[in-house]
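Shown next, in structure tokens, is the structure this report addresses.
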Amino acid sequence: MNEVELLNWARGPGLAYAIIIMVAGLTLRVFEIVSLGRPKELAKVRSSGTSDGLMMIAKRSIPEPRNWRYITASYIFHIGLLIVVFFFIPHTQFFRDLFGVFWGGWPNYIIDFFTVLSIAAMMYTLIQRRIDPARRILTKASDYLAWVVTFLPFVTGYMAFHRLGPDYTLMLALHILSVELLMVMLPMTKLTHAVTFILSRYYTGSSMGRRGIKA
Amino acid sequence: MTPEESSETTETLGTNLIGNGVSRRTFLKFCSTVASAMALPPTAATAMAETLSKATRQSVIWLSFQECTGCTESITRSHKPTLESLIFDFVSLDYHHTLQAASGDAAEHAREEAQKAHKGKYILIVDGSIPAENNGYSTIAGISNRQMLEDVAKDAMAIVSVGTCAAYGGLPKADPNPTGAVAVSDIIKDKPIINIPGCPPIPVVMTGVLAHVLTFGIPELDKHGRPVAFFGESIHDRCYRRPFYDKGLFAKGFDDEGARKGWCLFEVGCKGPTTFNACATTKWNNGTSFPIQSGHGCIGCSEPDFWDAGSFYKALSTGSINPSEWATDALVAGAAIGVASGLLNRAGKSKAQDKHDPVTLEDMGGKK
């Protein structure tokens, strides 16, 4: 298989398999979590907890003033990820083709800046994971795997854009394949938090609210 | 001219050019252009001129298989009366369906004679793919394409696969490939093969490569067998619209403001980033223009399997699939498995609760 055939596969069947696994897998996860229900409230229920739950979804996005270096790196990575994924013009074309919605793209130099920033932030968080004893103990192999599959699309994308590596067509194919790997791993690792963070935050907020604790 | 005559002729390109009223200066200019196009050192132009002017007519056999004659159309339209055409006058084209005067038995006889007369010295040019599924799908004078290729290639000095069909299978190979079309290089393994892909290839690239073969031998080739000099860089990297890509300025259609301002055609499907060819530098019709310059995106015609790379009018970064046909099924399947898994978990939980044996104080070693 040459690089053109690889690219054609990545843009065709590969993408289809990745979407099917991701969509089915994430739906499965959400249904599984929701069907677990919540434990019986032993204390008197103070409120429905809905507003507290919704509040918590937003509130947990505000950084807490602890370990600011690590938190800054995490924020830079997440913001960079969203910008690169949703505002790089070729990516906007992908979403427009899929959903028929176009929200405008940003110039390449801005995307390039955030890509480098995100790569640096990811490297920093990985080093911290190795240096900090508590984090090192808590990090399992699957967490490193999650880091790798998130890191690969950044690196391959950067290399493809800057014509680094052996061949642009091959790099583009590898970039798309790395994204497909990320899509496949999304429901199988802690990366599921990309979707379930809403559920978990709502759950925490509403549980507190029902018990009369201010979220 | 019969092959016997061509083999005996002592007419060189030099005398041929003088006879046609071409000055040495013009000839040197052509050699310089070819040399610079192929990124050869400046001294190569003189060496090329010297070698070419002394060279005798090179026998060429041109075989056409599953093709549309577009490659021949392209090469014949390149000149008249440019120097490229003289190069081709200089080449003894001993067999070519479209261009030769002879037909039927006489034509096939000319090919056989040329093969005999120039054994081991002739260049074989092929356009069109070869049907591997069934030899009967394409025959010439009752001879299958495969048989004719193997027979002529056997005594050729080198093979030039002209056009994407001969180089990679091209349109006949496009999914579902009904004839089992294959490239020349899939059949012939023991001869040097130069691929000049394109649908059709650029005329000056064909003549330039031929000039290189005559003077310096086989040029440096890339992993797809293409001369690096012409196929070393992508259309995108050489495109004059590239700055618009970097700035994020794109035509959204073929008649909008962006199109009128000459912005990048990536969003309307240009495959320039993954296409390696010389269109953006040598251009077409004597350097007049090339597809992107005339407002249409590159379709990637010099790449293998470009017909199967999805729509010509969809951006390269889009998928070539239609998820609306099956995405809902994936969603429903995921939901169904999720519900089943939830129910299983609940059953497990209540089972565990039923089995639960309360721990008493005695169990823990206490007294009643």
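The values are calculated or read from the model by the stated rules, or taken from the named source; none is laboratory data. In this text, all values refer to a predicted model and were calculated from it rather than measured experimentally. No Cβ is skipped: glycine too gets one built from the backbone with ideal geometry, and neighbour counts run over all protein chains shown.
Give me the residue from segment A:30-60 that is free of Cβ contacts under 8 Å to residues at least 60 places away in the same chain and over 26 Å from the mean Cα position of the chain (by Cα) and, out of that set, farthest from A:L191 (Cα to Cα).
From segment A:30-60, those free of Cβ contacts under 8 Å to residues at least 60 places away in the same chain are A:31-32, A:35-37, A:39-40, A:42, A:44, A:58; that's our starting set.
If we keep only those that are over 26 Å from the mean Cα position of the chain (by Cα) as well, we get A:39-40, A:42, A:44.
On the way: A:P39: 26, A:K40: 29, A:L42: 33, A:K44: 36 Å.
Out of the qualifying residues, it is A:K44.
Out of the residues in segment B:12-51 that are closer than 19 Å to B:K283 by Cα and not hydroxyl-bearing (S, T, Y), which is surrounded by the most Cβ atoms within 10 Å (Cβ to Cβ)?
Looking at residues that are closer than 19 Å to B:K283 by Cα and not hydroxyl-bearing (S, T, Y), I get B:V34.
Which of the residues spanning segment B:209-230 are touching a residue at least 24 places away in the same chain (Cβ under 8 Å) and out of contact with any Pro (no Cβ under 8 Å at 6 or more places or on another chain)?
Scanning segment B:209-230 gives B:L210, B:A211, B:L214, B:T215, B:F216, B:D222, B:G225, B:F230.
What are the residues in segment A:28-66 that are touching a Lys or Arg at 6+ places or on another chain (Cβ under 7 Å), in a loop (DSSP other than H, G, I, E, B) and among the aliphatic types (A, V, I, L, M), if any?
Answer for segment A:28-66, where residues must be touching a Lys or Arg at 6+ places or on another chain (Cβ under 7 Å), in a loop (DSSP other than H, G, I, E, B) and among the aliphatic types (A, V, I, L, M): A:A43, A:V45.
Where in segment B:22-121 are there helices (runs of 4 or more DSSP H), lying fully within it, with 2 or more residues that are closer than 30 Å to B:I140 by Cβ and at pLDDT below 80?
Working: elements: B:24-37, B:43-54, B:70-77, B:83-90, B:104-117.
Here the list reads B:70-77, B:83-90.
Which residue, of A:R96, A:R69, is within 9 Å of chain B (Cβ to nearest Cβ) and part of a helix (DSSP H, G or I)?
Details: A:R69 fails: within 9 Å of chain B (Cβ to nearest Cβ).
Step by step, each of A:R96, A:R69 is checked, and only A:R96 is within 9 Å of chain B (Cβ to nearest Cβ) and part of a helix (DSSP H, G or I).
Can you tell me how many residues in segment B:309-342 are assigned to a helix (DSSP H, G or I) and in contact with a Leu (Cβ under 8 Å, 6 or more places away or on another chain)? If you could, list the steps in order and put the result at the bottom.
Of all residues in segment B:309-342, those assigned to a helix (DSSP H, G or I) come to B:323-325, B:327-342.
Now restrict to residues that are in contact with a Leu (Cβ under 8 Å, 6 or more places away or on another chain): B:323, B:334-335, B:337-338, B:341-342.
Total meeting the criteria: 7.
Any chance segment A:154-177 includes a residue that's in a helix (DSSP H, G or I), without any contact (Cβ under 8 Å) to a residue 40 or more places away in the chain and under 13 Å from the mean Cα position of the chain (by Cα)?
For segment A:154-177, residues in a helix (DSSP H, G or I), without any contact (Cβ under 8 Å) to a residue 40 or more places away in the chain and under 13 Å from the mean Cα position of the chain (by Cα): absent.
Can you report the number of residues in segment A:10-29 which are surrounded by fewer than 20 Cβ atoms within 10 Å (Cβ to Cβ) and either facing chain B (nearest Cβ under 7 Å) or free of Cβ contacts under 8 Å to residues at least 40 places away in the same chain (or both)?
Residues in segment A:10-29 being surrounded by fewer than 20 Cβ atoms within 10 Å (Cβ to Cβ) and either facing chain B (nearest Cβ under 7 Å) or free of Cβ contacts under 8 Å to residues at least 40 places away in the same chain (or both): 2 in total.
Would you be able to say whether some residue in segment B:216-230 is of a type outside the set (A, V, I, L, M), closer than 22 Å to A:D112 by Cα and surrounded by fewer than 19 Cβ atoms within 10 Å (Cβ to Cβ)? Spell out how you get there, then give the answer.
Of segment B:216-230, the ones of a type outside the set (A, V, I, L, M) are B:216-217, B:219-220, B:222-227, B:230.
Add one more test, that the residue is closer than 22 Å to A:D112 by Cα, and what stays is none.
Looking through segment B:216-230, none of the residues is of a type outside the set (A, V, I, L, M), closer than 22 Å to A:D112 by Cα and surrounded by fewer than 19 Cβ atoms within 10 Å (Cβ to Cβ).
Return only the number of the condition from (1) closer than 18 Å to A:F86 by Cα; (2) free of Cβ contacts under 8 Å to residues at least 24 places away in the same chain that A:L186 does not satisfy.
So the condition that A:L186 fails would be (2).
Tell me the residue from B:G348, B:G295, B:G366, B:G319 that is under 18 Å from B:F266 (Cα atoms) and more than 7 Å from chain A (Cβ to nearest Cβ), please.
On the way: B:G348 fails: under 18 Å from B:F266 (Cα atoms); B:G366 fails: under 18 Å from B:F266 (Cα atoms); B:G319 fails: more than 7 Å from chain A (Cβ to nearest Cβ).
Of B:G348, B:G295, B:G366, B:G319, the one residue that is under 18 Å from B:F266 (Cα atoms) and more than 7 Å from chain A (Cβ to nearest Cβ) is B:G295.
B:R241 - would you say it is crowded, with 16+ Cβ neighbours inside 10 Å, of a type outside the set (A, V, I, L, M, F, W, C) and over 18 Å from the mean Cα position of the chain (by Cα)? If you could, list the steps in order and put the result at the bottom.
Values: crowded, with 16+ Cβ neighbours inside 10 Å: yes; of a type outside the set (A, V, I, L, M, F, W, C): yes; over 18 Å from the mean Cα position of the chain (by Cα): yes.
Spelling it out, B:R241 is indeed crowded, with 16+ Cβ neighbours inside 10 Å, of a type outside the set (A, V, I, L, M, F, W, C) and over 18 Å from the mean Cα position of the chain (by Cα).
Restricting attention to segment B:131-157, and to residues there that are of a type in the set (G, A, S) and surrounded by fewer than 17 Cβ atoms within 10 Å (Cβ to Cβ), which single residue is nearest to B:A181 (Cα to Cα)? Lay out the reasoning, then the answer.
Applying the first criterion (of a type in the set (G, A, S)) to segment B:131-157 yields B:132, B:136, B:138, B:141-142, B:144, B:153, B:156.
Restricting the remaining residues to those that are surrounded by fewer than 17 Cβ atoms within 10 Å (Cβ to Cβ) gives B:136, B:141-142.
Working: B:G136: 12, B:A141: 20, B:G142: 19 Å.
Across segment B:131-157, the extreme among qualifying residues is B:G136.
So, B:S302, is that one within 13 Å of chain A (Cβ to nearest Cβ) and surrounded by 17 or more Cβ atoms within 10 Å (Cβ to Cβ) or not?
On the way: within 13 Å of chain A (Cβ to nearest Cβ): yes; surrounded by 17 or more Cβ atoms within 10 Å (Cβ to Cβ): yes.
So B:S302 passes the test.
Can you tell me which residue among B:K191, B:K223 is closer than 14 Å to B:V160 by Cβ and outside any helix (DSSP H, G or I)?
Details: B:K223 fails: closer than 14 Å to B:V160 by Cβ.
Being closer than 14 Å to B:V160 by Cβ and outside any helix (DSSP H, G or I) holds for just one of B:K191, B:K223, which is B:K191.
I'd like to know if segment B:275-289 contains one or more residues that are part of a loop (DSSP other than H, G, I, E, B), closer than 18 Å to A:A173 by Cβ and of a type outside the set (A, V, I, L, M, F, W, C). Explain how you work it out, then say what you get.
Taking segment B:275-289 and keeping what is part of a loop (DSSP other than H, G, I, E, B), we get B:275, B:277-278, B:283, B:285-288.
Filter once more, so that each one left must be closer than 18 Å to A:A173 by Cβ: B:275.
Among the residues that remain, those that are also of a type outside the set (A, V, I, L, M, F, W, C) are: B:275.
Within segment B:275-289 (the criterion being part of a loop (DSSP other than H, G, I, E, B), closer than 18 Å to A:A173 by Cβ and of a type outside the set (A, V, I, L, M, F, W, C)), the answer is yes, since at least one residue qualifies.
Considering B:P201, B:P243, which residue is touching a residue at least 60 places away in the same chain (Cβ under 8 Å) and either touching a helix residue (DSSP H, G or I) at 6+ places or on another chain (Cβ under 7 Å) or in a helix (DSSP H, G or I) (or both)? Let's see the steps before the verdict.
Working: B:P243 fails: touching a residue at least 60 places away in the same chain (Cβ under 8 Å).
Unique residue meeting the criteria: B:P201.
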